[in-house]
1. For the range 493-504, enumerate the residues that are within 14 Å of the chain's Cα centre (by Cα) and surrounded by 18 or more Cβ atoms within 10 Å (Cβ to Cβ).
2. Give all pairs with beta carbons closer than 8 Å in which a residue from the range 495-510 that is closer than 19 Å to Leu455 by Cα and touching a residue at least 12 places away in the same chain (Cβ under 8 Å) meets a residue that is open to solvent by less than 10 Å² (accessible area, probe 1.4 Å) and assigned to a loop (DSSP other than H, G, I, E, B); count only pairs at least 6 apart in sequence or on separate chains.
3. Glu84 versus (1) over 24 Å from the mean Cα position of the chain (by Cα); (2) of a type in the set (Asp, Glu); (3) buried (at least 20 other Cβ atoms within 10 Å of the Cβ): which is the lone unmet condition?
4. For the range 443-451, check the following and say yes or no: at least one residue is in contact (Cβ under 8 Å) with a residue 24 or more places away in the chain, touching a Phe, Trp or Tyr at 6+ places or on another chain (Cβ under 6 Å), within 24 Å of Arg397 (Cα to Cα) and not basic (Lys, Arg).
5. Pro395 - would you say it is open to solvent by less than 10 Å² (accessible area, probe 1.4 Å) and not in a strand (DSSP E or B)?
6. How many residues are open to solvent by less than 70 Å² (accessible area, probe 1.4 Å) and assigned to a helix (DSSP H, G or I) when one looks only at the range 60-71?
7. For the range 98-107, indicate whether the set of residues that are among the polar types (S, T, N, Q) and touching a Ser or Thr at 6+ places or on another chain (Cβ under 6 Å) is non-empty.
8. List every residue pair whose Cβ atoms lie under 7 Å apart, where the two residues are 6 or more positions apart in sequence or sit on different chains, the first residue falls within the range 140-169 and is free of Cβ contacts under 8 Å to residues at least 12 places away in the same chain, and the second residue, located anywhere, is crowded, with 17+ Cβ neighbours inside 10 Å and of a type outside the set (A, V, I, L, M).
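The values are calculated or read from the model by the stated rules, or taken from the named source; none is laboratory data. What you see is a predicted model, and the numbers here were worked out from it, not measured in a lab. Glycine also receives a Cβ, built like all others from the backbone with ideal geometry; neighbour counts cover every protein chain displayed. To get the accessible areas, we keep the full protein, side chains included, count just its heavy atoms, and leave off ligands, DNA and RNA. Shrake-Rupley method; radii C 1.70, N 1.55, O 1.52, S 1.80 Å.
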Amino acid sequence: MMMFQGRRLLLFLWFGLIFTAGVIYQFLSIGQPKIRFVPPPPRKYNRSQMPSMEAIELQKLLQLLEWPVPPEDSVPFASSTSPEKSFYQLFQSWHNYTVGETLLVRLEAHDHSGQVKRYGGDFFRAKVHSPELKAGAAGRVQDHHNGTYTLAFPLLWAGAVQVSVRLIHSSEAVAILKRTRHSKPSTVSFFSYFGGPSQSDKEEKTECNVHPSPGPTCQYTDPGTGEHWFCSQPQHHPCSALTHHSAGHYKQVLTPEESVFLGGAVTDRAVPGKVPIIQVLPAPQLDAVTSPPPPPCRPGLAPISPSGFYYKDVWMPLGCSSRTFPKANLALGCLWGKIVHMFGDSTLCQWWEFLVDFIPSLKRIDLHVSYKSGPLLAVEPAQGLVLGWRAHGLPLRTEKTKMADLHYLANELDALGGGPDVVVVFTLWAHFTTFPVEYYVQRLRRVRQAVVQLLSRGPRTTVVIKTANTGYKTIYGSDWLSMQLDSILRAMFADVPVVMVDAWAMTSCHYLPDNIHPGKVIVQNEINAFLSFICPGS
């Protein structure tokens, strides 16, 4: 009993102590703000929701490619832009023009019934040219998004100048191109060939692509670039028995109704105009705007528009001092002691072919490979010149080729040591117009990384990029698709000290008809631009 009363006393004293402490605390807190601290909930970082640098770059590139589309998803063909019914005319009559001024032309788009279009998005190409002088320059097209366009032409030489405008694609056709590119993982396919070590082992052929197809699939991952390649699994061979690659077939991706918008009758057609032949007068002591003496042609020059023009069939760049190499000994002297690596498609193979034909002492070495994919090699032992070309790797529309001969561009760049005698030339676009933009950006990122690393270990290496050509007219290789990829290419290498040879400008304003493989005179001018950066002169 005494023990129980003692415990009650202790419990009473304990509660009393707590009560007294609380009273003291309240007394001391009088006049102080009462702040209730509530700890914030733990912050959760979801990496998948955080925009990466790659995602931010992709978003900027997609914004760069924005193009106006018709307000309605489906437009009748009769309501689409007609090249014959559209027309252009001078903004105002001007009694004379002089070299260095700008000619402004107003273009009005009409549909096939002659009605004025109320929205923009048509893809026009325009140029001024003088056939007698074999001169030409591209014009700039400004879309006002209401069916009217302003065409601005630089007047860069004296003489009789004509305006030429062509409708490459109506806005309705562009919308089809854009929609198809976005919705289809590819518009072409490829074949791979599987075989065993025995000649009696029957070869199997399956379909392949940059994305997996339904059913059992062989997946190949390049260890250097991480690029993936997928093939339908053969029935009688393991996936490891892959030996050859070739182009497959063009997929049927358009409905009959859509195909009309991309037909030859409305694609790359001349637009009639009311602009007379303009007599451009020479400026004081100036018959033509010539390349300024400074600066010399060097890597990393900021782009300008227009980048140049043709005058007497010679390309005159406006951003640097150019040179011409009309004789073989001049070109050979420029390339003395150089090891030139060319990677790309058939449009760059034209450079290799031109130089081999142009310089008689360059000797081809037969490597017993497929000519259309390479590698191709030529040497000039006396001058120490080595000139090679090979395809840029998968995806590649080509004849049947050994898989072992197809190397990814980035891997080839990673294998180079670089240096003052090493020249790298590449182009990358024509075989990527059949895939979504994201795939092209992914490939270019790895190539850009390889270029930056090459220039880091060999700072005096010359890296040249040949831009896209004009000359594609279909859903699989439209000039509009090429232009979009070309814009991505230029943007992604804008801050890298490389050389840009503007093949787009050089193929778009020449008097020769558009051709994805341009004529010899255009290729020679591209070579002159290329050599001007290797040997800029004084």
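1. Phe493, Met500, Val501, Asp502, Ala503, Trp504
2. Val499/Cys297; Met500/Thr467; Met500/Phe493; Val501/Thr467
3. That leaves (3) as the condition not met.
4. no
5. Spelling it out, Pro395 is indeed open to solvent by less than 10 Å² (accessible area, probe 1.4 Å) and not in a strand (DSSP E or B).
6. Summing the residues that are open to solvent by less than 70 Å² (accessible area, probe 1.4 Å) and assigned to a helix (DSSP H, G or I) in the range 60-71 gives 2.
7. No: the range 98-107 contains no residue that is among the polar types (S, T, N, Q) and touching a Ser or Thr at 6+ places or on another chain (Cβ under 6 Å).
8. That search, which allows pairs on different chains as well, returns Gln142/Tyr149.
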